[in-house]
Every structure is written in structure tokens, then in C-alpha cells.
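Notes follow the structure.
The values are calculated or read from the model by the stated rules, or taken from the named source; none is laboratory data. Owing to the predicted nature of the structure, the values given are computational and were not obtained by experimental measurement. Here the Cβ positions follow ideal geometry from the backbone for every residue, glycine too, while neighbour counts run over all protein chains shown. Remember, those area values only see protein heavy atoms, side chains included, never the ligands or the DNA or RNA. Shrake-Rupley method; radii C 1.70, N 1.55, O 1.52, S 1.80 Å.
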Amino acid sequence: MSTTVLVIGYVWPEPNSSAAGSHMLSLLRLYKRQGWRVEFATPALPTEHMIDLAAEGISSKSITLNCDSFDTYIAEYAPDIVMFDRFMMEEQFGWRVEKHCPKALRILDTEDLQCLRQARHQAHKANRAITIADLFSDIAKREIAAILRCDLSLIISDFEMLLLQDTFKVDASLLQHLPFMVDLNQLPEQTLGFEQRQHFMTIGNFRHAPNWDAVLYLQQIWPLIRQQLPQAELHIYGSYPPPKATALHNPKTGFFIKGWADNAFVVMEQARICLAPLRFGAGIKGKLLDAMIMQTPSVTTAIGSEGMHGDQPWPGAVVEVEQGAEHKEEAQAFADAAVGLYQDAARWQQGQQAGQALLKQRYNGEQLGAQLLSRITELATQLDEHRLANFTGSMLRHHSMMSTKYMSQWIAAKNAPPTDNQPPA
């Protein structure tokens, strides 16, 4: 009998808009390749750039928050595996899944640790180093609780794997390191060479706060690059550019807000350097992985490269800036690194080679997918024992800890139409 999978998404997958969308699609395709029945359900509204799931052989369903209609739906669909896309979906629907499909394996796809991203954002806005108080926030309590309630959580960064185990004391048996899964057979053998390329580029969904901050930071960095390379241009791509972004478009200074790219790989290949001056964030960065795939060396920060290369050389340059350094010094260091790599063909080619080596060592999709499937099979055969060993998780699923469940039930009851014997709320 075929395995039935339900994925409860935070948003509809947009693989051409965000790394999260691309990662989600790779998971859906992995499950589909096993011959499994896969359905994607979400309370989100359809979007302009959402993928056609039907063309992938994946069914889809619109579901409603805080509504008992989901109970009927999940009981009828009766999945063997339920994967939640980010902790908010587990928080909203996890207790309903447990109630109606208690034997279903519950997986949380974190994408990145939102508590880490938020903590770094708070520290960045205050222009100081991150503290343990930033990290141990209310959102961290919710996110870690969701991880503990699930049977397995997919963690995209090895840095976050260590953070969860060492700082939040999450047992390794609940975690699976799963970076982006790249099909190595589809990598281009050869791309445009050093002399055939020109200019700088960056790309990223403008709705993602770290990406927008990087664009603002490039406003400081770019004039320092142009002083040394007066003919160079910076092309900034990304979905959903707001008016405040398009207002920065300035051809006279070579600062081009390009917006949506029909094919991110094409624009990545045409550029000589990818810039990613990320000052906060979490997870691993899809733009930097795309740069490796298209053999485009990149210049980024320690935040940008975090969790992506281990002890292997970075395919380009990582600008090490001490916490609390003046923004002008940071911007100058980044600009100098970008100009140096742009002008040095030998270093540029070394960056290409380092990227190809990293893809093979850390992002082999066939190998990573097989490891995940093996873990799922193992858990499915010993699910009762696995859950029994996770006492903290079972404690968090106790009725005394289920405030979100009772709030959801209250909202559902409040929104229900009145009966003959019941006055309106």
C-alpha cells in the first residue's frame, strides 16, 4: 500500500522567488519519486509566482485556520506522514493531526530557525552583539516547543544543528540535517568565463527582511566600489519589489533595481560577482548556492556563509568584520574584497573551483534525500518507542500545555453559525 503524505504549507511554494520555496519543492519531488501520494495544503492565498503543483503530480487543498473543517479533512485523507512547513503550521494544526491521525509521523520543516533570525535582527537594529536574552525570546519558546512536539525536524544548517543541541538542549534523535538538495547531474559543465562576464548582481525576495537590509547596505557599499570601478553596474533582482525599493533605481550611479528575474540562473551566469552583504539572518542562503551552481564567485559576510562550507574554502570571499565595527569600515572592507575579486582572474577561477567542490561534498541531493528517507523509514518502524523516549515532547502535548489548541477551539466556536438553541456570540 502506497504511503500517503500531507504537507501543510505556510505559503504556496514559489521556487523562483525564494530559497524556502525551492527547498520545499525539492522535498515534494523527493516524496513523489518514491511513488507516494502527496498533497499540499495551506491556509495561504494563491500568489502570482506559485508553482503549478498539479503539473508535478501533487494535489492541493485550501484549508482554514481555526476551523473544525480541517478535522474532517485530515480524518478522511488519513496521511501516514504529515510535514509542517515552519513552526506556525505545527502550532496551528499539529494537535488536530495528533487527534485524528495519531499514528501519522509528524515532521517539521523549519526552513531556518526563525528565533535565530529574529534575535540577530533585534541585535542588528540595536547595533550590538546578540545576547542570550535575544535568543531566548517568546518566538524561540514557540519554535523549540514545536520541534519537541514533532517526531523529526529538518534543519537546513549545521550551525543550527549545533545551536539546537548545545544551547536549547534538543536531543539529536529529533533532528535531521538537510541542506539544499542539488541534482549534481543537472549542473552545467561549463559557464561563461571571466572575460565574458561583467558587473555585479544580487538577488532575493524583497519581502524577506535580511534581503531588504542587504539592499540598503549596498547603498553604502556601492559608491565605494564605483570609486574603483567607475564603469561597473550593480543589478539587483528579486520578487515583490516595493516602491521604496524601485525608488532606489539610479542608472547614473550604476545602481539598477531589476526586480523579478524570469530565470535566476541566467542573470547569475552573466554577472562576474554575486554580492550578498547580509548583516543578519539564519539558515543557508539560496542565492549563494545558485552562485555556486552557475560558477559565479560571491562576496558575502560570515552570516551569509554560515552553515554552508564547513572548513572548506569559500567560493569567493567572506568579509570578516568584528562586531561593533563602524559601518563605514565594514562597507569599505566589503567593497575592497569585491573589487579585488572582480579584477583578479586567477582568484576568480579558484572561487569557481571551490564552489564546484562544495556542491559535490555538501549538497548532493541524491545522497541527502536517501539519508532522509532512511530516517523516515527507521522512525516509522519504531514510532511508539521514539515518542516514549521524547518525554519533553509528550509533556508539551499534555492538555495542560495546549493553550493554542484551546484558543483555536474558542475561535472556531465563536465563528460557528448559531444554532436554534444557541444565541449568537
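Leaving ligands, DNA and RNA out of it, work out the accessible area of residue 99 with a 1.4 Å probe and give it in Å² to the nearest 10.
Solvent-accessible area, nearest 10 Å²: 130 Å².
Using a 1.4 Å probe on the protein heavy atoms, what percent of the accessible area of the chain belongs to carbon and sulfur? Before the final figure, lay out the partial values.
On the way: 10010 of 19610 Å².
On the chain, the fraction of accessible area on carbon and sulfur atoms equals 51 percent.
Kindly provide the helix-only [θ] at 222 nm of the chain, computed as the sum of -39,500 (n - 2.57) over DSSP H runs of four or more divided by all residues, to the nearest 500 deg cm²/dmol? Can you show the working numbers first?
Numbers: 18 runs with 196 residues, N = 425.
Using -39500 (n - 2.57) per qualifying helix, the result is -14000 deg cm²/dmol.
Enter the Cα centre distance for the pair the range 207-230 and the range 110-142, rounded to the nearest angstrom.
24
Using the heavy atoms of the protein chains alone and a 1.4 angstrom probe, what is the accessible area of the chain per residue in square angstrom? Don't skip to the answer; put the middle values down first.
Details: 19610 Å² over 425 residues.
I get 46 Å² per residue for the chain.
Pull up all non-local amide H partners of residue 249: gap of 5 or more, or a different chain, and H-to-H distance under 5 Å with H placed in the peptide plane.
For residue 249, the qualifying residues are 257.
If you place +1 on the Cβ of every Lys and Arg and -1 on the Cβ of every Asp and Glu, how big does the dipole about the Cα centre of the chain come out, in debye to the nearest 20? Don't skip to the answer; put the middle values down first.
On the way: 37 positive and 46 negative charges, 113 e Å.
Around 540 debye, computed over the chain.
Search the structure for amide H atoms under 5 Å from the amide H of residue 199, placed 1.01 Å from N in the peptide plane, and list their residues when 5 or more places away or on another chain.
The answer is 233, 272.
Tell me the angle of helix 365-381 to the major Cα principal axis of the chain, expressed in degrees between 0 and 90 and rounded to the nearest ten.
Its long axis makes an angle of about 20 degrees.
Determine the order of 410, 260, 348 by accessible area, beginning with the largest, at a probe radius of 1.4 Å.
Sorted by accessible area, descending: 410, 260, 348.
Return the whole-Å distance between the Cα centroid of the range 334-393 and the Cα centroid of the range 64-99.
Taking the Cα centre of the range 64-99 as reference, the centre of the range 334-393 is 29 Å away.
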